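This report concerns only the one structure given below.
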Amino acid sequence: MALSNASSSSSLSTRSLYTGLSHRHSNRQSSIPFHHAVKPNSSVKLVTALHAAEPSRNSVSVKESVSPPPPGTLKWTPESWKLKKALQLPDYPDANELESVLKTIEAFPPIVFAGEARNLEERLADAAVGKAFLLQGGDCAESFKEFNATNIRDTFRVLLQMSIVLTFGGQVPVIKVGRMAGQFAKPRSDPFEEKDGVKLPSYKGDNINGDTFDEKSRIPDPNRMIRAYTQSAATLNLLRAFATGGYAAIQRVTQWNLDFVEESEQADRYQELANRVDEALGFMSACGLTTDHPLMTTTDFYTSHECLLLPYEQSLTRLDSTSGLYYDCSAHMVWCGERTRQLDGAHVEFLRGIANPLGIKVSNKMDPNELVKLVEILNPNNKPGRITVIVRMGAENMRVKLPHLIRAVRRSGQIVTWVCDPMHGNTIKAPCGLKTRAFDSILAEVRAFLDVHEQEGSNAGGIHLEMTGQNVTECIGGSRTVTYDDLSSRYHTHCDPRLNASQSLELAFIVAERLRKRRTATQRLS
C-alpha cells in the first residue's frame with residue numbers, strides 16, 4: 001500500500017476545464033504515464049450547473065454542450081464529462097483561482113496506486129460469488145475540524161474488530177474498505193438552506209464550502225480542494241502505517257477494544273471471540289506454524305468515496321503506464337450516488353472511462369431495466385469486481401424491490417457484487433429537530449437484504465455503513481440504548497447520523513451469525 005511517487009503532466013486551462021471534445025469511446029490512451037492534457041473546443045457553449053447556487057457575474061460553473069454528440073459516438077477522455085449535464089456541482093466565483101487550484105492538484109502525486117485498485121477489484125470479484133465479504137464503512141462526510149490521528153485510529157480499529165467478527169462467523173476473507181481519505185463532498189436535495197428568513201447556499205462538504213451558516217462560509221472556495229487533498233494523503237499515510245506497521249497484527253486482536261466500549265455486552269462478546277482467536281494462534285505456534293508471516297502481521301485496507309466533485313476527480317486522474325488505463329487516483333474505489341447516476345449524465349460519463357472498481361448507489365426508485373443499462377455502460381466487458389451495486393431503500397422496499405433488480409441483472413448475464421447500505425433509507429427527524437436513524441430499522445434492512453439473497457439464490461456480498469470509532473450519540477437504539485434525549489449530548493456529525501463503535505460491533509455480530517448459518521447450510525448441502 002505504498003504511496004506512488006510518479007509525477008503528472010499538466011496543461012489544462014480554465015476554458016478546457018469547462019468545455020469538451022467529441023471523441024469515439026476508448027479506455028486506452030497514449031503511452032505517456034499520468035498524462036491527461038487535452039485542448040479545448042471553442043464551439044462549445046457554456047451553461048450553468050443544476051443544483052448550484054446562483055453564480056456571480058464572473059463565476060465558473062459546470063457546463064454542458066448545446067448539442068451533445070449522439071449516444072455511442074463520444075470518445076472518452078478525462079474531461080469528456082463536460083459535454084454532459086452535470087448535477088450537484090458548485091459554481092466557483094473566481095475562474096482564475098479555480099484554474100490555479102486544479103493545475104496545482106494535477107501536479108501533485110496520486111494518492112493511491114493503480115495496482116492497489118486492481119487488487120481491490122479482484123477481491124470484490126470474490127465477494128460477487130460468495131468467496132469474500134465486503135465491509136465498507138466510515139464517516140458520512142469527513143471534516144477539516146475533526147481531522148486528527150485519534151479519530152482515524154479509532155475508526156480503523158472498529159473496522160478491524162468488525163472484520164474479525166465477520167471473518168470468524170463467515171469463514172471467508174473480509175475486504176476492508178474505508179469511507180475515508182477523501183469522503184468530503186455531499187449531494188444535497190435542495191441547493192439552498194433557509195434559517196430565520198435568511199437563504200444561503202447549502203453546505204456541500206468541507207472540500208467545497210463551510211458549514212457555518214453565513215454568506216462567506218457558503219461561497220464555494222476552490223482552495224478547499226487542496227486542503228482536502230493534503231488531508232486525504234495524510235489520512236491514507238496513517239492508515240497505511242496502521243495496516244502494515246504492526247498495529248493490525250492478528251496477535252493484537254485482544255488489544256483493539258475502545259475504552260468507552262469496554263463496559264458493554266458487545267465488548268464482552270468481542271473479548272470472548274478474541275480469546276478464541278488467541279488460543280488458535282497459540283495452537284498454531286505450538287505446532288511450529290509461525291505467526292510472524294506478513295499475512296498475520298499486516299492487513300489490506302482500501303479507501304473509497306462518492307465521485308461527486310468532478311473537477312477534483314479529473315485532476316487526480318492518471319494514465320497507468322502498466323495497464324494503459326486511466327485510474328482516478330483519489331481513491332481505490334469510487335461510487336456514483338443516487339442523485340448523479342443519470343445514464344446520460346456527466347458523472348456516469350466520467351466513471352465509464354476510469355478503471356477503478358465502481359459502486360452504484362441504488363434506491364427503491366431504480367427501475368430494473370435502467371440498472372441493467374447503467375451496468376452495461378460502466379462495465380461493457382462484464383468484468384467481475386468492476387461493479388458493486390449498493391442498495392439503500394429501507395427494509396420494506398428491500399423485500400419488494402430488490403428481487404426484481406437481482407432477477408434483471410441475472411437475466412442480463414451481468415456479474416455484480418451486491419452490497420447493503422442500511423443507513424440512507426432510514427433517516428428520520430427526531431422531536432428535537434436533529435436527523436437520526438434507528439438501530440432497529442438499520443438492522444431490519446440488513447436482515448431483509450440477507451433474506452432476499454437467500455431466497456433468490458444470489459450472493460449477499462457485503463455491507464456499507466456510515467459509522468465512526470467515536471463515542472457519538474447520533475443513531476438511536478442498540479444494546480447500549482441511545483434515546484432521543486441522548487442525541488444532543490454527543491452529536492458531532494457534519495451531515496448524516498453515524499453508528500457509534502458499540503452499535504457497529506453489535507451489527508457485525510448479528511451479520512456474522514447469519515454468515516455462519518449460511519456457511520453451515522452450504523456445507524450440509526455439499
Enumeration of residues in region 195-214 that are basic (K, R), at pLDDT 95 or above and surrounded by fewer than 20 Cβ atoms within 10 Å (Cβ to Cβ):
K199
Specify the residue that is surrounded by the fewest Cβ atoms within 10 Å (Cβ to Cβ); the eligible residues are those in region 99-152 that are assigned to a loop (DSSP other than H, G, I, E, B), of a type outside the set (K, R) and touching a Pro at 6+ places or on another chain (Cβ under 8 Å).
V129
Would you check if there is a residue in region 499-516 being outside any helix (DSSP H, G or I) and either open to solvent by less than 60 Å² (accessible area, probe 1.4 Å) or at pLDDT 85 or above (or both)?
yes
Within region 113-121, does at least one residue satisfy the condition of being touching a helix residue (DSSP H, G or I) at 6+ places or on another chain (Cβ under 7 Å) and not charged (D, E, K, R)?
no
Pick from R519, R498: which is of a type in the set (K, R), closer than 24 Å to T388 by Cα and within 21 Å of the chain's Cα centre (by Cα)?
R498
Of the residues in region 342-361, those that are crowded, with 24+ Cβ neighbours inside 10 Å and charged (D, E, K, R) come to E349
Exactly one of L308, L281 is open to solvent by less than 20 Å² (accessible area, probe 1.4 Å) and under 30 Å from V253 (Cα atoms), and that one is L281
So T322 ticks every box in (1) in contact (Cβ under 8 Å) with a residue 60 or more places away in the chain; (2) in a helix (DSSP H, G or I); (3) open to solvent by 50 Å² or more (accessible area, probe 1.4 Å); (4) of a type outside the set (D, E) but one. Which box is left unticked?
(2)
Looking at region 407-445 only, could you name the residues that are open to solvent by 10 Å² or more (accessible area, probe 1.4 Å), modelled with pLDDT under 95 and of a type in the set (S, T, Y)?
T427
Can you find, within region 288-305, the residue that is surrounded by the fewest Cβ atoms within 10 Å (Cβ to Cβ) among those that are out of contact with any His (no Cβ under 7 Å at 6 or more places or on another chain) and touching a residue at least 12 places away in the same chain (Cβ under 8 Å)?
T291
List the residue pairs whose Cβ atoms are under 8 Å apart, where the first residue sits in region 170-183 and is closer than 18 Å to C329 by Cβ, the second is among the small types (G, A, S) and not in a strand (DSSP E or B), and the two are 6 or more positions apart or on different chains.
A181/S232; A181/A233; A181/A331; G182/A228; G182/S232; G182/S330; G182/A331; Q183/A141
Residue by residue through region 419-473, note down the ones that are more than 22 Å from C336 (Cβ to Cβ), small (G, A, S) and in contact (Cβ under 8 Å) with a residue 40 or more places away in the chain.
A430, S441, A444, A448, G469
How many residues does region 182-215 contain that are charged (D, E, K, R) and assigned to a loop (DSSP other than H, G, I, E, B)?
8
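The values are calculated or read from the model by the stated rules, or taken from the named source; none is laboratory data. Since we're looking at a predicted model, the values are computed, not measured. Glycine also receives a Cβ, built like all others from the backbone with ideal geometry; neighbour counts cover every protein chain displayed. Please note that ligands, DNA and RNA were not included when accessible areas were found on the heavy atoms of the full protein model with its side chains. Shrake-Rupley method; radii C 1.70, N 1.55, O 1.52, S 1.80 Å.
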